[in-house]
Amino acid sequence: MKILSSIQLKELDKYTIEMEPITSIDLMERASHALTEAIVRRWDTSYRIIVFAGPGNNGGDALAVARMLSKKNYHVEVFLFNTKGTLSNECMTNLGRLKTCGSIYFTEISTHFDPPALTEKDLIIDGLFGTGLNKPLSGGFASVVKYLNASKATIVAIDIPSGLMGEDNTYNVRPHIIHADVTLSIQLPKLSFLFPENEDIIGEWELLDIGLKQSFIDASESPYSILDIKDIRPLIKSRKRFAHKGSFGHGLLIAGSYGMAGASILSAKACLRSGIGLLTVHVPIHNHDLLQITVPEAIVQTDIHERYFAEPVELRRYNALAIGPGLGQEEDTALAMMEQIQGCHLPVVLDADAINILSTHRNWLSRLPKQCILTPHLGELERLTGKCMDSYERITKVKELASYLQSYILIKGAWTAIVTPEGHCHFNPTGNPGMATAGSGDVLTGILLALLAQGYSPEESCKLGVYIHGLAGDIAAKSLSEISMTAGDIIEALPSAWKKILNDT
């Protein structure tokens with residue numbers, strides 16, 4: 001699913017009006033009907049509906065929703081803010097239609113606003129401003145927003161919470177943005193919905209399909225998209241009848257220091273659950289017996305050092321390399337790691353301490369082989385890019401870094417982002433907060449190694465890897481709850497996740 005910019009969304013409306021064809025007011029009526037039905041599904045007539053409408057088309061939607069809810073026997077009150085004495089044509093038309101509904105309490109505000117008393121049994125419809133906003137709210141509108149946010153009423157935002165911009169909110173004034181409980185987004189999500197700092201502003205969000213022209217969406221260029229099962233299923237390679245373990249690659253996993261053997265165990269088990277033919281795990285001497293016992297399917301290879309990785313491995317036998325989980329950051333380890341990956345001809349995954357080492361030896365970044373996959377969580381990423389004011393700035397910096405390295409960078413977390421060397425950003429929809437637990441990233445590294453070893457491209461591996469990782473987490477959460485999940489539970493759910501992708505239609 002593409003994520004279009006606010007400008008493109010406006011063009012999408014215009015294109016639909018021209019090509020369907022349909023009048024602008026009739027398209028607004030269609031959107032308002034979808035909004036109304038979504039509200040009716042969630043809240044019954046015991047709620048008092050208080051609509052706050054602005055002077056533009058977002059306000060026009062709000063006025064139409066007020067009229068439709070009134071006809072469904074909701075008690076509706078409307079406050080239309082017309083401080084400049086100018087309404088959009090569609091807002092004006094819907095105002096005329098609203099006035100034919102005698103049962104609605106209506107107030108038009110041009111100067112002074114006497115706010116209503118609000119309780120927890122009130123449902124506020126936020127239709128003040130939509131995606132056309134290009135600067136922070138101030139003055140009277142900022143005061144209205146702060147008043148609504150301070151109330152105990154439930155807030156439903158039409159398309160986007162008023163005051164929030166669709167993409168870049170780096171210099172926005174956060175107290176001047178509506179904090180919605182539910183956001184009913186028209187047709188497509190907005191980029192800002194996927195950023196963690198906006199979670200309390202967006203609330204739960206739902207997409208409403210109002211039939212805007214798919215041909216325009218398909219033809220539109222956007223660096224941002226959300227992965228879908230339809231994108232993932234075709235990536236999976238079929239297995240030939242006479243295939244053998246050599247057909248599915250041999251991966252090398254360099255992971256684990258003394259006291260951190262668990263990282264190598266989790267990563268190895270996830271790798272073996274993701275289709276690899278052969279796996280060698282390179283560990284310090286002290287971890288050898290533990291790996292041999294806990295992961296009998298893996299070949300265990302020991303380093304010269306008892307407690308950490310200190311000597312590079314000959315790579316001729318292998319098809320892919322992953323390095324970093326639980327590795328430690330000893331100087332010997334750092335030097336051995338850089339010697340290992342510099343000029344490496346294999347597909348490479350760099351995770352955890354491999355990334356931390358690079359962040360303290362920044363001149364080494366230019367020596368990384370192209371087409372690497374880096375999998376930092378936010379803390380590790382910050383050590384690479386420096387502090388960022390918000391997620392939009394972070395995405396911008398990561399795109400620059402991915403381009404410089406000609407590599408793939410995964411920003412792990414809710415809506416894990418895959419940033420490509422070309423500047424594309426794919427957000428992953430699977431996963432849940434139960435995966436915010438130690439070892440979850442090690443599991444992802446093992447999955448990615450397995451896919452690379454089998455011959456998937458780095459981009460295919462990233463897309464398939466993060467999707468299956470999150471899906472396994474969702475399956476585990478469903479049976480165990482988010483609270484009690486461990487990284488090992490994600491591994492145990494991998495077979496069900498692979499089956500679901502392969503078998504569900």
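The values are calculated or read from the model by the stated rules, or taken from the named source; none is laboratory data. Note that the structure is predicted; figures quoted are calculated from it, not measured. Virtual Cβ from ideal backbone geometry, glycine too; neighbours counted across all protein chains shown. Side chains are part of the model used for accessible areas, which takes the heavy atoms of the whole protein and leaves out ligands, DNA and RNA. Shrake-Rupley method; radii C 1.70, N 1.55, O 1.52, S 1.80 Å.
For Pro189, are the conditions met, namely being closer than 21 Å to Ala38 by Cβ, buried (at least 17 other Cβ atoms within 10 Å of the Cβ) and either more than 23 Å from the chain's Cα centre (by Cα) or touching a residue at least 24 places away in the same chain (Cβ under 8 Å) (or both)?
Criteria met by Pro189.
Answer yes if at least one residue in region 95-110 is open to solvent by 40 Å² or more (accessible area, probe 1.4 Å), among the acidic types (Asp, Glu) and within 15 Å of Leu148 (Cβ to Cβ), and no otherwise.
No, every residue in region 95-110 fails to be open to solvent by 40 Å² or more (accessible area, probe 1.4 Å), among the acidic types (Asp, Glu) and within 15 Å of Leu148 (Cβ to Cβ).
Here are the criteria: (1) in contact with a strand residue (DSSP E or B) (Cβ under 7 Å, 6 or more places away or on another chain); (2) farther than 30 Å from Thr333 by Cα; (3) open to solvent by 10 Å² or more (accessible area, probe 1.4 Å). Tell me which single one Ile202 does not satisfy.
(3) is the only condition that Ile202 fails.
Of all the residues that make up region 1-31, how many are part of a loop (DSSP other than H, G, I, E, B) and either without any contact (Cβ under 8 Å) to a residue 60 or more places away in the chain or open to solvent by 10 Å² or more (accessible area, probe 1.4 Å) (or both)? Full working, then the answer.
If we filter region 1-31 for residues that are part of a loop (DSSP other than H, G, I, E, B), which is where we start, we get 1, 3-5, 20-23.
Then keep just the ones that are either without any contact (Cβ under 8 Å) to a residue 60 or more places away in the chain or open to solvent by 10 Å² or more (accessible area, probe 1.4 Å) (or both); that gives 1, 5, 20-23.
So the answer is 6.
I'm told Ala320 meets every condition in (1) in contact with a Pro (Cβ under 6 Å, 6 or more places away or on another chain); (2) over 21 Å from Ala453 (Cα atoms) except one. Can you identify the failing condition by its number?
(2)
Of the numbered conditions (1) open to solvent by 40 Å² or more (accessible area, probe 1.4 Å); (2) touching a residue at least 60 places away in the same chain (Cβ under 8 Å); (3) not aromatic (Phe, Trp, Tyr), Ala153 satisfies every one except a single condition; which is it?
(1)
Taking region 370-382 as the region of interest, how many residues are touching a residue at least 24 places away in the same chain (Cβ under 8 Å) and open to solvent by 20 Å² or more (accessible area, probe 1.4 Å)?
Residues that pass the stated criteria total 4.
Kindly state which strands (runs of 3 or more DSSP E) lie completely within region 254-367 and contain at least 1 residues that are free of Cβ contacts under 8 Å to residues at least 12 places away in the same chain and open to solvent by 20 Å² or more (accessible area, probe 1.4 Å).
Fully inside region 254-367 and qualifying: nothing.
Only one of these conditions is not met by Cys91: (1) surrounded by 20 or more Cβ atoms within 10 Å (Cβ to Cβ); (2) under 30 Å from the mean Cα position of the chain (by Cα); (3) of a type in the set (A, V, I, L, M, F, W, C). Which number is it?
Result: Cys91 fails condition (2) only.
Scan region 32-49 and give yes if some residue there is modelled with pLDDT of 95 or more, hydrophobic (A, V, I, L, M, F, W, C) and buried (at least 24 other Cβ atoms within 10 Å of the Cβ), otherwise no.
Within region 32-49, one or more residues are modelled with pLDDT of 95 or more, hydrophobic (A, V, I, L, M, F, W, C) and buried (at least 24 other Cβ atoms within 10 Å of the Cβ).
Out of all the residues in region 85-128, which are of a type in the set (Asp, Glu) and at pLDDT below 95? Show your work before the answer.
Just the residues of region 85-128 that are of a type in the set (Asp, Glu), to begin with: 90, 108, 114, 120, 122, 126.
Asp114 - this is the single residue of region 85-128 that is of a type in the set (Asp, Glu) and at pLDDT below 95.
Only one residue in Leu69, Leu98, Leu118 is among the hydrophobic types (A, V, I, L, M, F, W, C) and more than 17 Å from Ser32 (Cα to Cα), so which one is that?
Leu118
Across region 163-185, what is the number of residues that are crowded, with 17+ Cβ neighbours inside 10 Å, over 18 Å from the mean Cα position of the chain (by Cα) and of a type in the set (A, V, I, L, M, F, W, C)?
3
With the condition kept exactly as written, say whether any residue in region 32-43 is under 17 Å from Ile158 (Cβ atoms) and not in a helix (DSSP H, G or I).
Yes, region 32-43 contains at least one residue that is under 17 Å from Ile158 (Cβ atoms) and not in a helix (DSSP H, G or I).
Among the residues of region 50-88, what is the count of those that are closer than 28 Å to Lys152 by Cβ, outside any loop (DSSP other than H, G, I, E, B) and open to solvent by 30 Å² or more (accessible area, probe 1.4 Å)?
Residues flagged as closer than 28 Å to Lys152 by Cβ, outside any loop (DSSP other than H, G, I, E, B) and open to solvent by 30 Å² or more (accessible area, probe 1.4 Å) within region 50-88 amount to 2.
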